[in-house]
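J.: Have a look at the structure that comes next, please.
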Amino acid sequence: MKRITLLGSTGSVGTQTLQIVRETPDFKIAALAAKTHIDLLEKQIREFLPSFAAVYDEKAAEELRVRVSDLPVRIGTGMEGLVEASVLDETDFVIPAITGTNSIRPTVAAIEAGKEVGLVNKEALVTAGHLIMPAAKKQGVRVVPIDSEHSAVYQCLKNGTHDEVSRLILTASGGPFRGMTSEQLEKVTAADALKHPNWSMGDKITIDSATLVNKGLEVCEAGWLFGFPADQIEVVIQPQSIVHSMVEFRDGAVLAQLSLPDMRLPIQYALTDPGRAFLSGERLDFGKLRKITFEPVDTNVFRGLSLAYEAIRAGGSMTTVFNASNEAAVRRFLRGEISLPGIYSVIEKAMGMHRVIASPSLEEILSIEKEILARFESE
């Protein structure tokens, strides 16, 4: 029996995780957490009967306490509630499926408490990889990727040693604007950008996919997860989203993980690793697929990726600046205040102004993020 704490249970990854738990008797929910969506959270509590639930918003938490007073569940609130959910004695595996840097404290707390972590949130490693991965190594705790690309790499790496790897090759769909020029990108709207060709995701990550910033965040994350420098991590466009990523070994062999685009697969694999379990759903039909194609990334147009490499090579706090300035710019783009290429301009300006802190503390990371968001979200 694997006992799971699920932070962000009302979001996309959270609800898909609960679908898997619902169908798998070997999994049990120990704790749930959400930001404000207590209508759905209440339904989840009544179905999965966790011993603890947390709501980030204090008023919403108070209302939930009243609603579930007939059940033997404790309700926590704020960051303290997220941390408590992550260190419960009755949990083995923590999935911090919450956005932004709010995931860092619960992730570190879970690791220090000896819990395995299924990592969904990119921002945690992008901004605090130098804190999280050494803590995991010290505690002897596995950090298992749930993101589809990193799950693919994780699976492929089982076929060789670290020293045998030549490069990691992350794939990207190219988003809805693949093949466009910079001039054409100036005219696209938020509604256009939210129409991802292959995946159903939240607004922020869908925009990041359109700009290829998301792939830059994934390059940074892969470096921390697997211990490779940026110059050994490449990105290629794979428009069908069938090849989820590849690993090239020093003898020239390339191993890839293929499947239909379905987040349930990497979620379930993280929970069942090192084994596999049946997963319902459609399977690849190569007779119908006919072709799988690849294209290079046009980094002159989609500058999110090249800016990410700059931030990674600068190191330290620069990746926090990259992440936070992108978040601020995406909010402005969704409000119609800047164009899609304007997102790159905001990131570039923020990075150009920053003096790198080589090994920032968590407090410094959060301070930098706050400063960048305050400055660039309304500029």
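J.: Dipole size in debye (nearest 20) for the stretch 57-128 around its Cα centre, Lys and Arg Cβ +1, Asp and Glu Cβ -1?
T.: Using Cβ point charges on Lys, Arg, Asp and Glu, the stretch 57-128 gives about 180 debye.
J.: Just name one of Q139, M246, S306: the one whose Cα is farthest towards the positive end of the charge dipole of the chain (beta-carbon charges, Lys/Arg +1, Asp/Glu -1).
T.: Working it through, the farthest residue towards the positive pole turns out to be M246.
J.: Straight-line reach from K349: which lysines fall under 25 Å, measuring Cα to Cα and dropping same-chain residues less than 8 apart?
T.: Candidates past the 8-residue exclusion: K122, K187, K204, K215, K370.
J.: Just add up the charged neighbours of L170: K/R +1, D/E -1, any other residue whose Cβ is under 9 Å from the Cβ of L170.
T.: Spelling it out: positives minus negatives among the neighbours equals -2.
J.: Give the carbon-plus-sulfur fraction of the accessible surface of the chain in %, rounded to a whole number; probe 1.4 Å, heavy atoms of protein chains only.
T.: So the carbon and sulfur contribution to the accessible surface is 51 percent.
J.: I want the local charge near K43. Using Cβ-Cβ distances under 15 Å, sum +1 for each Lys or Arg and -1 for each Asp or Glu among the other residues.
T.: -2
J.: Compare K187, K291, K138 in a GNM of the chain, Cα atoms joined below 10 Å, and give the one with the largest fluctuation.
T.: K291
J.: What is the Cα centroid distance between the stretch 99-131 and the stretch 310-378, reported in whole angstrom?
T.: What the calculation gives is 19 Å, centre to centre.
J.: Report, in debye and to the nearest 20, how large the dipole of the chain comes out about its Cα centre when Lys and Arg carry +1 and Asp and Glu carry -1 on their Cβ.
T.: The calculation lands at about 460 debye.
J.: How much of the DSSP bridge set in the chain is antiparallel, in percent, rounded to the nearest 5?
T.: The answer is about 30 percent antiparallel.
J.: Could you report the stretch 315-379's accessible area per residue, 1.4 Å probe, as an integer in Å²?
T.: 44
J.: Given a 1.4 Å probe, how much area per residue of the stretch 144-240 is accessible, in Å²?
T.: 37
J.: Sorting check: for 52-64, 267-279, which peptide has the highest mean count of neighbouring beta carbons within 10 Å, and how do the rest follow?
T.: 52-64, 267-279
J.: Okay, next question. What net charge do the residues around E63 carry, taking every other residue with its C-beta under 12 Å from that of E63, with Lys and Arg at +1 and Asp and Glu at -1?
T.: Overall, the nearby charge balance is -2.
J.: Once fully extended, how much extra length lies between E364 and E47, figured as 0.36 nm per residue of separation less the alpha-carbon to alpha-carbon distance?
T.: Taking 0.36 nm per residue and subtracting the Cα distance, the gain is 110.1 nm.
J.: Here is a further query. Between E234 and K349, what is 0.36 nm times their sequence separation minus the Cα-Cα distance? Round to one decimal in nm.
T.: The span from E234 to K349 would gain 38.9 nm if fully extended.
J.: Under unit Cβ charges (Lys, Arg +1; Asp, Glu -1), what dipole magnitude, rounded to 20 debye, does the stretch 71-173 have relative to its Cα centre?
T.: Dipole about the Cα centre, nearest 20: 180 debye.
J.: How about the stretch 163-250: which GluC sites (Glu not before Pro) there lie in a loop by DSSP and see at most 15 other Cβ atoms within 10 Å?
T.: E186
J.: Rounded to a whole number, what is D in µm²/s for the chain from Stokes-Einstein with the Kirkwood radius over alpha-carbon pairs (20 °C, 1.002 mPa s)?
T.: In µm²/s, the coefficient is 101.
J.: Projected onto the charge dipole of the chain (+1 at Lys/Arg Cβ, -1 at Asp/Glu Cβ, origin at the Cα centre), which of V165, A256, A97 gives the Cα projection farthest towards the positive end?
T.: Checked the options; the winner is A256.
The values are calculated or read from the model by the stated rules, or taken from the named source; none is laboratory data. Every value quoted in this text rests on a predicted model; they were computed, and no experiment measured them. Cβ: placed from backbone, ideal geometry, glycine included. Neighbour counts: every protein chain shown. The area values use the complete protein model at the heavy-atom level, side chains included, leaving out ligands, DNA and RNA. Shrake-Rupley method; radii C 1.70, N 1.55, O 1.52, S 1.80 Å.
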